[in-house]
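Everything on this sheet refers to the single structure shown next.
The values are calculated or read from the model by the stated rules, or taken from the named source; none is laboratory data. Please read these numbers as outputs of a predicted model, since none were measured by experiment. Using ideal geometry, Cβ is built from the backbone for each residue, glycine included, and neighbour counts are taken over all protein chains shown. For the accessible areas, the whole protein counts, side chains as well, though only heavy atoms, and no ligand, DNA or RNA atoms are used. Shrake-Rupley method; radii C 1.70, N 1.55, O 1.52, S 1.80 Å.
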Amino acid sequence: MDLSRLRNVSIIAHIDHGKSTLADRILEICGAVDAREMREQYLDSMDLERERGITIKLQSVRLDYRDHVINLIDTPGHVDFGYEVSRSLAACEGVILLVDASQGIEAQTLANCFLALEHDLEIVAALNKIDLPAADPDLYAGEIERVLGIPADEVLRISAKTGDGVPELLDAVVERIPAPVGDLDAPLQALIFDSHFDQYRGVVSSVRVVNGELATDAKVRFMQAGTVHEANEVGVRRPEPTAVKSLGPGEVGYLIAGIKDVGEARSGETVTSASKPAPSALEGYQEPKPMVFCGLYPVEGDEFSDLRDALEKLRLNDASFTYVPETSGALGFGFRCGFLGLLHMEIVRERLEREFDLSLIATAPSVEYRVIRTGGEVVEIDNPSEMPSPGEMEGIEEPYLKITILTPSTYTGTVMELCQGKRGVMKNLEYLSPERVELQYEIPLAEVVMDFFDQLKSRTQGYASLDYDPIGYQASQLSKVDILLHGDPVDAFSMIVHKDFAYDYGRKMCEKLKELIPRQQFDVPIQAAIGGKIIARQTVKAFRKDVTEKLYGGDITRKNKLLQKQKAGKKRMKSIGRVDIPQEAFISALKLD
Ligand code: GTP
């Protein structure tokens, strides 16, 4: 294939700025999908993606435009999936920066643009949604010029919804983004930038050939994994998968090599020829590291093996989450799972419940602490119940983040208040324009994990955006707060908190649980304790027996309904010691503010 006619481009955009809608328009203009087959957000294939309107896994598609071939690589917009963004950037020569013309550029988008600039990628900027009355393209084109140095008059103005300006955007892609370079005669080097598991075909990897040729039936070596496989099928997505004989330098497509586990064909892996291997792997292989942990337990104890099967299957598709079996005194057998972030955690849980029909209880999210035991041994702990007692340790360290927040300047005060309340230390404050501010803080990950993002959104009416980078561990004054029900500690409710917040946490948790735990046949004391010392207490009083009592006579259907409801409720109950706790208590208990 004539390299000079090839363009590899990715779209960088904040959630809801219209990336999927733009991809749909581009697909239409390039005649890639029949108008009849066209459905909204064609590239978002997972149900959950469609429902939540977010892109989780990236997809690439090969398009014909004028006499050029454009490989369009879709990327996820959420901060948890930043690793996938950096992978897809490595497969491109340029990016389309898509910004909502009524909102301006957001923190994560800016971070991704800097990443693109570091990779020397060409940026074609476009302001989207110019059809909206609230659009202010002049203002935001000026902002893009100030923060990224892209001249305002080079910023395109489009509406992905109506299609206005989209052909001009494609023209700009062809004209401004350079063609790939590569050596056909060199040994094969191809970058895997995404893999997913297909139940019929095994692992399907998206690849970008850098040098050499990736041919069907060739024996290929996965350089980091150290394994050899046969390339059963090599092809391109148009967007329907179409087999080809081979992919040459600069080309993007997919590879199926009879692999059963995506962990073996991870993003960032280099594929080379088994007979004529490249001397070195391509740059940029990095294991995604889980940052947030929680325990997942089946509501019904006998669903444990189903949960294990489900986790195994799901991991085939998502190598970035981890799980190891654990046992909880309160919840029985389950797994401690690690995720890239909170959204990732929610998505995995939802997929488990939905795709595998499981009812699960998730414990409070935790981060990985480093505990220095008396005597100097350092242990890593991602489950609060494993924390040694205060007498057995010399110190504890927790992971910190550098966060960048972009917000309209009217909210600067409330954002600063939020960050300070979460133990953040301000590092920088800069005005991007009179209307917008960039704030930088160093802040413990544990504080961000809880409800930071929700609070940031509600305090700024959804206008602030957040980006984060881990910056290592720092020593902190932390204590473990235990919650006791009827005298028994409930390990699932144990929590590691900063000592300044410990009393507050214990008190709020007791109050909350008092509301959430239904009355039992007997009084249930709820206590919070630090290392054996009780710091708060509440009591759930014994209940009156007949739930229908208050419906004195009359309407039988109403009475039946209530009994039905109670029966359904029972299913979602977990017995702890002698106490029944509804699943909602576990979920709601995390939402302390
Ligand atoms: P993620 O996949 O979550 O990253 O979101 P996205 O960036 O792909 O956004 P999506 O395409 O789903 O668009 C978000 C919302 O904006 C949808 O309701 C679209 O209909 C709407 N939208 C997208 N482009 C335009 C536009 O040009 N004009 C108007 N008025 N609405 C648009």
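Odds and ends about this structure:
- Alpha-carbon centroids, the stretch 409-447 and the stretch 84-108: separation in whole Å: 23
- Area projected by the alpha carbon convex hull of the chain, averaged over all directions, nm²: 31.3
- The stretch 112-135 and the stretch 167-201: distance between their alpha carbon centers, rounded to Å: 20
- Surface share of carbon and sulfur [accessible, 1.4 angstrom probe, percent] for the stretch 370-476: 48
- Projected-area mean, the stretch 370-476, by convex hull of Cα positions, square nanometres: 7.2
- Two-decimal log10 I(q)/I(0) for the stretch 292-363, as the Debye equation yields it once each C-alpha is a single scatterer, q = 0.23 Å⁻¹: -1.01
- Taking 25 Å as the limit for the C-alpha separation, the pairs Lys480/Lys508; Lys480/Lys541; Lys402/Lys499; Lys289/Lys422; Lys427/Lys457; Lys402/Lys422 exceed it in the case of Lys480/Lys541.
- Segments 158-171, 424-437 sorted - mean Cβ within 10 Å per residue, highest first: 158-171, 424-437
- Percent accessible area from carbon and sulfur atoms, the stretch 219-349, protein chains only, probe 1.4 Å: 52
- Overall shape: rounded for the stretch 186-287, with the ratio a/c of the largest to smallest alpha carbon gyration tensor axis below 1.5.
- Under the combined filter of DSSP loop state and at most 12 neighbouring Cβ atoms within 10 Å, the stretch 341-390 retains these GluC sites (Glu not before Pro): Glu377.
- The chain, relative contact order [Cα under 8 Å, separation at least 6], %: 10
- Accessible area per residue for the stretch 127-184, computed on protein heavy atoms with a 1.4 Å probe, is 49 Å².
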